[in-house]
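My questions all concern the structure below.
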Amino acid sequence: MSYMMMLATYRMEKQVALLLAAILMVVAVWPLFSGGMLVWPWLAAALLLLLLAWWRPAWLTPLANGWSRLGHWLGTLNSYIILALLFFLVITPVALLFRWRGRDALHLRQKKLHSYWQTEARQWSPESFKDQF
């Protein structure tokens, strides 16, 4: 396999390793800001990930696949949470407001009529149907 193909093949593995290494380095250095000591195991894990990303990115394929599955699961979970919040915080109050005000935009509460046909006051000319788009 050529060097360029290898670079393109393991791009996701390298990106995941670099991201996780950055997160682990932040976790390792974070106690220094509050007067603590450097957490060496986290720093060693970050350096190991960096070394593997540079030297043997193929070994990181299971890690990248797991990271991808986690991202897919979190995306699905977030979409359900966002849709539920949108429904209960936006659509439901608007529907309750419409019901309280007596608005019936779809005319669902009509009484029994002889005909449900609604006449249109506007007159359409034959030219209005040309070049509609």
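What net charge is computed for the residues neighbouring Val94, neighbours being all others with C-beta under 15 Å from the C-beta of Val94, Lys and Arg scored +1, Asp and Glu -1?
Its environment carries a net charge of +2.
Next up: List the trypsin sites (Lys or Arg not before Pro) within the stretch 12-120 that fall in a DSSP loop (any state other than H, G, I, E or B) and whose Cβ has at most 13 other Cβ atoms within 10 Å.
When the trypsin sites (Lys or Arg not before Pro) of the stretch 12-120 are filtered for loop state and at most 13 Cβ neighbours within 10 Å, Arg103, Arg109, Lys111, Lys112 remain.
For the Cα atoms of the chain, what angle does the longest principal axis make with the long axis of helix 92-101, in degrees from 0 to 90, nearest 10?
The answer is roughly 20 degrees.
By how many nm would the segment from Val26 to Val90 lengthen if fully extended, with 0.36 nm per residue of separation less the alpha-carbon distance?
So the chain would gain 19.2 nm between Val26 and Val90.
Also: How far apart, in nanometres, would the label points at Val39 and Phe98 be if each is projected 7 angstrom from Cα along the Cα-to-Cβ direction?
Result: 5.0 nm between the two label points.
Can you put Phe129, Phe87 in order of accessible area, largest first, using a 1.4 Å probe?
So, going from the largest accessible area down, we get Phe129, Phe87.
Karplus couplings for the stretch 81-90 from phi (6.51 cos²θ - 1.76 cosθ + 1.60, θ = phi - 60°), rounded to Hz, Gly and Pro as x?
5, 5, 5, 5, 4, 4, 5, 7, 9, 10
Give the carbon-plus-sulfur fraction of the accessible surface of the stretch 1-125 in %, rounded to a whole number; probe 1.4 Å, heavy atoms of protein chains only.
So the carbon and sulfur contribution to the accessible surface is 70 percent.
Compute the label zone of Met12 within the stretch 38-66: residues whose backbone N is under 13 Å from the point 7 Å along Cα-to-Cβ.
Of the residues in the stretch 38-66, 60-66 have backbone N under 13 Å from the label point off Met12.
Counting only helical runs of four or more DSSP H residues, what would the 222 nm mean residue ellipticity of the chain come to if each run contributes -39,500 (n - 2.57) and the total is spread over all its residues?
-19500 deg cm²/dmol
If you don't mind, there's one more thing I want to ask. Tell me, what is the per residue accessible area of the chain in Å², probe radius 1.4 Å?
Numbers: 11930 Å² over 133 residues.
Heavy-atom accessible area per residue stands at 90 Å².
The values are calculated or read from the model by the stated rules, or taken from the named source; none is laboratory data. From a predicted model like this one, the values you see are computed outputs, not experimental measurements. With ideal geometry, Cβ positions are generated from the backbone for all residues, glycine too; neighbour counts draw on all protein chains shown. When the accessible area is computed, the model is the full protein with side chains, heavy atoms only, and any ligands, DNA or RNA have been set aside. Shrake-Rupley method; radii C 1.70, N 1.55, O 1.52, S 1.80 Å.
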